[in-house]
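The values are calculated or read from the model by the stated rules, or taken from the named source; none is laboratory data. Here the structure is a predicted model, which is why all the values come from computation and not from measurement. Glycine gets a Cβ as well: all are built from the backbone with ideal geometry, and neighbour counts include every protein chain shown.
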Amino acid sequence: MIFTGGSKLSEHGGFNEDDVHTALLLSQEDWEQATIKTPTSNQQVAATILEALGIAPGELQAVQVDHVHALPMPDRR
């Protein structure tokens, strides 16, 4: 859990300012450092991790059903 000091009351997600800025830290040796400031949803975390691992997010049933897209990934070196 990340405490932001905002008006967040729960961890279920929504469109509150604190909900659309999901903290996600990924690291891989061949990636450039980047900060992505795209508004997000909690649903995008799994799809983004799968994409980072080289696994097609579309294979995940929840991605198919909810039409979820992975977050933009930084360019690799």
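Annotations
- Residues of the stretch 30-55 that are under 10 Å from A70 (Cβ atoms), of a type in the set (A, V, I, L, M) and more than 8 Å from the chain's Cα centre (by Cα): L50, A52.
- Those residues of the stretch 35-77 which are crowded, with 16+ Cβ neighbours inside 10 Å and of a type in the set (G, A, S), in sequence order: S41, A47, A52, A70
- Given (1) assigned to a loop (DSSP other than H, G, I, E, B); (2) at pLDDT 85 or above, number of the condition A62 does not satisfy: (1)
- Of the candidates I36, I49, I55, the single residue that is hydrophobic (A, V, I, L, M, F, W, C) and not in a loop (DSSP other than H, G, I, E, B) is I49.
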